[in-house]
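Down below is the structure, laid out as structure tokens.
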């Protein structure tokens, strides 16, 4: 795989899979089935160990377990963009585990240290990217204080940093930083999923991340196709179908971001709804609302596996 090929792979729906559990442990068999469902429905870029994967709730052993399972599940049919982070050594260890499994792209989660300087931010990412010069890296930016100058400095030190997953809810700022840092230097990905995909596409984003795609792959891919041809009217129609699901995920400072996706997958009979603290399972009222959304989506898209129904959710 070459960097131009990987850049093309990022200009797409970048799926962030959930990590299913069973009896408190990672359910590898269910995880593989979820990834196969994505690939079989046409998804070609997947981020194991992303935020929707509950990255910060996973142990190092579990992260490596999911790295191996991801590579086994998708094979050469899809591109994997491995989520890495924590301290520098842990991130490098995960990157190397990915390389051993044949993964050639990694996304660096935002640093979680409470005291982050501009120079330290650049150094953190540079040390990780420099440790694997043949791996293509994507930066996950969730803070508005990350400047174009920081990106330019990092790009000068690490030519293998090829993408920006921009997750600041400000399309105007996205447009400015993209122009200043280099519209063509990086692949620019709308990192706040479908709700921001349209506004960011209007400012030059060529891909968007998605947790919803785990539940309704056809809907996310239809939005991608509409954006690619500039059919913003159709994109708006599709976003209206998505809106309540994404509103539920965004409520209370995104407290239920992953819980909503897992609840929907549970109701589809695909995995348990179990989630680790500090997240929490949904209330009964929210579960009922998810059931209504799935019923509505199923009038257009084929969501349920053979023999599954909304009343046969996998029990947590």
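The values are calculated or read from the model by the stated rules, or taken from the named source; none is laboratory data. Because the structure is predicted, anything quoted here is derived from the model rather than measured. As a convention, Cβ positions derive from the backbone with ideal geometry for all residues, glycine included, and neighbour counts pool all protein chains shown.
Overview of values
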{"read-out": "Sole residue being modelled with pLDDT of 95 or more and touching a strand residue (DSSP E or B) at 6+ places or on another chain (Cβ under 6 Å), chosen from 273, 224", "value": "224"}
{"read-out": "Candidates 237, 261 - the one that is buried (at least 18 other Cβ atoms within 10 Å of the Cβ) and in contact with a helix residue (DSSP H, G or I) (Cβ under 9 Å, 6 or more places away or on another chain)", "value": "261"}
{"read-out": "Residue within the range 49-68 that is more than 14 Å from the chain's Cα centre (by Cα) and over 22 Å from residue 112 (Cα atoms) present", "value": "yes"}
{"read-out": "Criterion: modelled with pLDDT of 95 or more, in contact with a helix residue (DSSP H, G or I) (Cβ under 6 Å, 6 or more places away or on another chain), farther than 30 Å from residue 33 by Cα and in a loop (DSSP other than H, G, I, E, B) - qualifying residue of 204, 230", "value": "204"}
{"read-out": "Restricting the range 1-30 to residues that are over 15 Å from the mean Cα position of the chain (by Cα) and closer than 22 Å to residue 302 by Cβ, the residue that is surrounded by the fewest Cβ atoms within 10 Å (Cβ to Cβ)", "value": "30"}
{"read-out": "Among residues of the range 279-293, those that are within 21 Å of the chain's Cα centre (by Cα) and either in contact (Cβ under 8 Å) with a residue 40 or more places away in the chain or part of a helix (DSSP H, G or I) (or both), counted", "value": "2"}
{"read-out": "Some residue of the range 173-194 being part of a helix (DSSP H, G or I), within 25 Å of residue 265 (Cβ to Cβ), modelled with pLDDT of 95 or more and touching a helix residue (DSSP H, G or I) at 6+ places or on another chain (Cβ under 7 Å)", "value": "yes"}
